[in-house]
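**Q** Mind looking over this structure? Questions follow.
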Amino acid sequence: MAADPLHRRFRRCVRAVNRFVYDRIEERLAGGGDYDDILSSLIRSYGDDAPMMKRELRDQVVTLFFAGFETTGTALAWTWLLLSENPDAQHAIHEEVDRVLAAGRPGTTTSSRSATPGRSSRSRCACTRRSTA
Ligand code: HEM
C-alpha cells in the first residue's frame, strides 16, 4: 500500500535528521577531533565498538536532541511569561544572576579538558557546582 503524503513527508524528515546525525558521527569517527561534547563522550564510552554502533549512537543523539529541545524551550517560555507577571520574582532572579555570574559565564562541564573550539575554561558558578557535586 502506498504511503500517504504526510507519511512520506515524515520519512523525508527522518532521512534528513539521520543524514545530519550520521554525517556528524562519521566526521568524529574519521578523526574529526575530540570535542568536549555529548557525541564525543558517547564515542569514547563505546571505545573500539563505536564504528559498529553507529545506529545506537544515532539513536542516543536523536533522543537527547528531541527530549531536550522542546521541553527546555517550553519551560523557558513559561518561565519568561510568569516572570513578566511577577516583578518581585523578576527582580530577584536578575539579582541572583548578576551575583552568581559575577565572575563570568558558567562552564558547561566539570572536565578540565576544553577541546571545543571557541570554548575557554571558565569558572563555574555556584549552581553548576551544586548540580555536579
Ligand atoms: C525543562 C526541561 C525538561 C523537562 C521538563 C523534562 C522532562 C522530562 C520528563 C517528565 C521525563 C520522563 C518522561 C517519562 O518517563 O515518561 C524526561 C525524560 C527524559 N529526558 Fe527530559 N526534560 C527536560 C530536559 C531534558 C534535556 C535538556 C534532555 C537532554 C539533553 C532530556 C533528556 C531526557 C531523556 C533522555 C529522558 C528519558 C530518560 C529515560 O527514560 O531513560 N530532558 N524528561
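**Q** Using θ = phi - 60° and the Karplus form 6.51 cos²θ - 1.76 cosθ + 1.60, what ³J(HN,Hα) does each residue of segment 75-83 get, whole Hz, x for Gly and Pro?
**A** Ordered by residue, 3J(HN,Hα) equals 4, 5, 4, 5, 4, 5, 4, 5, 5 Hz.
**Q** So what are the ³J(HN,Hα) numbers for segment 86-102, from phi and the Karplus equation (6.51, -1.76, 1.60; θ = phi - 60°), rounded to whole Hz, Gly and Pro as x?
**A** 10, x, 5, 5, 4, 4, 4, 6, 4, 4, 5, 4, 4, 6, 5, 9, 4
**Q** Further question: For segment 1-91, what number results from the quotient of the Cα radius of gyration and 2.2 N^0.38 Å? Provide the component values of the computation, followed by the final result.
**A** On the way: Rg = 18.9 Å, N = 91, 2.2 N^0.38 = 12.2 Å.
That works out to 1.55 for segment 1-91.
**Q** For segment 44-60, in order, what is each residue's ³J(HN,Hα) by Karplus, 6.51 cos²θ - 1.76 cosθ + 1.60 with θ = phi - 60°, in whole Hz (x at glycine and Pro)?
**A** Listing the rounded values in order: 4, 5, 7, x, 5, 6, 3, x, 7, 9, 4, 5, 5, 4, 4, 4, 5 Hz.
Readers should treat all values here as calculations from the given coordinates under stated rules, not as data from a laboratory. This structure is a prediction, so every number in the text was calculated from the model and none was measured.
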